[in-house]
Amino acid sequence: MGVASVLGGVRVVDLTAAVAGPSGSQLLGDLGAEVIKIEMPGIGDMTRDAAPKLKGLSFYQLALGRNKKSVTLDLQTGMGKQAFYDLVRVSDVVFDNFRPGVLERLGADFETLRKVNPRIVSCSITGYGPSGPYRDYPAYDDMAEGLSGVYSLCGEPGRPMRVPIPIADLAAGFFATNGITAALFERERTGVGRRVEVNMLDAVMYLLSFNFQPYFITGEVPKAQGSRHPTAPMLGIFRTRNGYLVLGPSWPRIARLIGKEWMIDDPRFNTVDKRFENKKELEDLLEEGLQQADTEDWLELMHLEDIAAAPVHTLDQVVNDPQIAHNKTIVTMHHPVCGEIKGIECPIKYADEGERAHLPPPMLGQHTKEVLRDVLGYSEDKIEKLKAEEKAAGESESRTRRRL
């Protein structure tokens, strides 16, 4: 595949959909695993219809479909389920993010799969966990973020605010890959697979450890943090003459830089405790000074003074940033239908690995015949029979829907 080869030779049967699972399976693919995404014939991942689209491919697929092969199988038909089991037999991982109980109904639960392949690692992402009072509740990223407390910490005090990143989804996906790779490592010693379970609520709460600990210590409920650090004075977002910048620890150098050196000895600010006590007054004076010049001018001076600071970029500015270009964070792929497409590179890199090349996100079912023929050794006749059975099942289901 030309991608990082640390997981080369690992084959993943990917039953995931939406964001949580696909983010994890893409990471496995980025690290060299062969990821075979199983999708329902004619339907596919629920996100394939989401706009905006590029020549029929949704932005979800473009963002999270890299380094995967798409195979359409109906696991509720006899031949479709058998093909799935045949894949499990020659694979290392089965990865899903179904609601609890779905795997059992499909015959894809761990107890069933380990009879097919004792070395299989089975990983499931759920919303709230495989048991407990919320087990059967429908769950998406927003629910997990709201329940975990994330939204209560965002925005200005007085109204909770969404986060523009699906943090719970992504955290669950990335923690799942950690669990999978650890289980694969363990398998090298034991020779047998393991069941891995991750849920979005636990995943995002783990990310909130830094926020929960002060509450555990003091009993004080943290409030929405707005654009400034909740405790450390002068850390956060400040307005300049033409925009905003993010400022890190900088006292007392920042006072000199903005021409307010007198603040250093001012009795309101001359100790750590005083600066915390008079935090708002201090930050108002700082922002007043920063509004006398443009962001770019301040950043140039701050970098000379070794003050931690950065611009608040919009996405169009991010893609033109010289550090982004140097890091090769934005990758280009050639898609057979969409042409040249861009994506965000995997942040895990290895010394001396060379240039990476990626499989572009696949069209629905693009690799079905290839996988059935080359991986499972199916004959052309068997492949045709499998597809005919799926087509008949789909037509029967359609007729049933019309009657209902």
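The values are calculated or read from the model by the stated rules, or taken from the named source; none is laboratory data. Everything quoted here is computed from the prediction, not taken from an experiment. Ideal geometry is used to build each Cβ from the backbone, glycine not excepted, and the neighbour counts take in all protein chains shown.
Tell me the residue from ARG373, ARG402 that is of a type in the set (Lys, Arg) and at pLDDT below 95, please.
Going through ARG373, ARG402 in turn, just one is of a type in the set (Lys, Arg) and at pLDDT below 95: ARG402.
Failed condition for ARG48, given (1) farther than 13 Å from LEU364 by Cα; (2) in a helix (DSSP H, G or I), with all others met?
(1)
For GLY219, only one of the following conditions fails: (1) among the small types (Gly, Ala, Ser); (2) under 27 Å from the mean Cα position of the chain (by Cα); (3) at positive phi. What is its number?
Status for GLY219: all satisfied but (2).
May I ask you to say which residue of VAL371, VAL312, VAL318 is over 19 Å from GLN61 (Cα atoms), touching a helix residue (DSSP H, G or I) at 6+ places or on another chain (Cβ under 7 Å) and not charged (D, E, K, R)?
Result of the check over VAL371, VAL312, VAL318: VAL318.
Can you pull out the helices (runs of 4 or more DSSP H) entirely within the stretch 308-404 that have at least 3 residues that are among the small types (Gly, Ala, Ser)?
Numbers: elements: 315-318, 322-327, 380-403.
Where helices (runs of 4 or more DSSP H) fall fully within the stretch 308-404 and carry at least 3 residues being among the small types (Gly, Ala, Ser), they are 380-403.
If we scan the stretch 343-351, do we find a residue that is aromatic (Phe, Trp, Tyr) and over 31 Å from the mean Cα position of the chain (by Cα)? Spell out the reasoning first.
First, pick out the residues of the stretch 343-351 that are aromatic (Phe, Trp, Tyr): 350.
Still in the running and over 31 Å from the mean Cα position of the chain (by Cα): none.
Within the stretch 343-351, none of the residues are aromatic (Phe, Trp, Tyr) and over 31 Å from the mean Cα position of the chain (by Cα).
If we keep just the residues of the stretch 31-84 that are among the charged types (D, E, K, R) and farther than 18 Å from VAL13 by Cβ, which is farthest from the chain's Cα centre (by Cα)?
Restricting attention to the stretch 31-84, the residues satisfying the condition of being among the charged types (D, E, K, R) are 34, 37, 39, 45, 48-49, 53, 55, 66, 68-69, 74, 81.
This time we only want the ones that are farther than 18 Å from VAL13 by Cβ, so: 48-49, 53, 55.
Details: ARG48: 17, ASP49: 20, LYS53: 20, LYS55: 24 Å.
That would be LYS55.
Out of everything in the stretch 187-212 that is in a helix (DSSP H, G or I) and of a type in the set (Val, Ile, Thr), what residue ends up being surrounded by the fewest Cβ atoms within 10 Å (Cβ to Cβ)?
Here is the first cut: in the stretch 187-212, the ones in a helix (DSSP H, G or I) are 187-190, 200-207, 209-212.
This time we only want the ones that are of a type in the set (Val, Ile, Thr), so: 190, 204.
Numbers: THR190: 10, VAL204: 25.
Only one residue tops the list, namely THR190.
Output yes when any residue across the stretch 5-14 is more than 26 Å from GLY354 (Cβ to Cβ) and among the polar types (S, T, N, Q), and no when none is.
No: zero hits.
Among the residues that make up the stretch 271-286, is at least one of them of a type in the set (Lys, Arg), farther than 30 Å from ARG66 by Cβ and in contact with a Gly (Cβ under 8 Å, 6 or more places away or on another chain)?
Taking every residue of the stretch 271-286 in turn, none turns out to be of a type in the set (Lys, Arg), farther than 30 Å from ARG66 by Cβ and in contact with a Gly (Cβ under 8 Å, 6 or more places away or on another chain).
Can you run down the residue pairs with Cβ atoms below 7 Å, 6 or more apart or on separate chains, where the first is in the stretch 358-387 and surrounded by 15 or more Cβ atoms within 10 Å (Cβ to Cβ) and of a type in the set (Asp, Glu) and the partner is part of a helix (DSSP H, G or I) and modelled with pLDDT of 95 or more?
none
If you go through the stretch 104-113 one residue at a time, do you hit one that is hydrophobic (A, V, I, L, M, F, W, C), crowded, with 18+ Cβ neighbours inside 10 Å and under 16 Å from ASP45 (Cβ atoms)? Reasoning before the result, please.
Filtering the stretch 104-113 for residues hydrophobic (A, V, I, L, M, F, W, C) gives 106, 108, 110, 113.
Add one more test, that the residue is crowded, with 18+ Cβ neighbours inside 10 Å, and what stays is 108, 110, 113.
Okay, now just the ones that are also under 16 Å from ASP45 (Cβ atoms), so none.
No.
Can you tell me which of HIS326, HIS313 is surrounded by 13 or more Cβ atoms within 10 Å (Cβ to Cβ) and under 30 Å from GLN26 (Cα atoms)?
Sole residue among the options that is surrounded by 13 or more Cβ atoms within 10 Å (Cβ to Cβ) and under 30 Å from GLN26 (Cα atoms): HIS313.
For the stretch 55-65, state whether one or more residues are part of a loop (DSSP other than H, G, I, E, B), touching a Pro at 6+ places or on another chain (Cβ under 6 Å), modelled with pLDDT of 95 or more and buried (at least 20 other Cβ atoms within 10 Å of the Cβ). If you could, list the steps in order and put the result at the bottom.
As a first pass, look at the stretch 55-65 and keep what is part of a loop (DSSP other than H, G, I, E, B): 55-56, 65.
Narrowing further to those that are touching a Pro at 6+ places or on another chain (Cβ under 6 Å): 65.
Retained after the next criterion (residues that are modelled with pLDDT of 95 or more): 65.
Checking which are buried (at least 20 other Cβ atoms within 10 Å of the Cβ) leaves us with 65.
Looking for residues that are part of a loop (DSSP other than H, G, I, E, B), touching a Pro at 6+ places or on another chain (Cβ under 6 Å), modelled with pLDDT of 95 or more and buried (at least 20 other Cβ atoms within 10 Å of the Cβ), one finds at least one in the stretch 55-65, hence yes.
Are there any pairs with C-beta distances below 6 angstrom linking a residue in the stretch 139-164 that is closer than 26 Å to PHE98 by Cβ to a residue that is surrounded by fewer than 18 Cβ atoms within 10 Å (Cβ to Cβ) and among the hydrophobic types (A, V, I, L, M, F, W, C), with the two at least 6 apart or on different chains, and if so which?
VAL163/CYS154
Report, ordered by the first and then the second residue, all pairs with beta carbons closer than 8 Å, sequence separation of six or more or different chains, a first member in the stretch 188-215 that is farther than 30 Å from ASN117 by Cα, and a second member that is of a type in the set (S, T, N, Q) and assigned to a helix (DSSP H, G or I).
Close Cβ pairs satisfying both conditions: LEU201/SER148; VAL204/SER148; MET205/SER148; LEU208/SER148.
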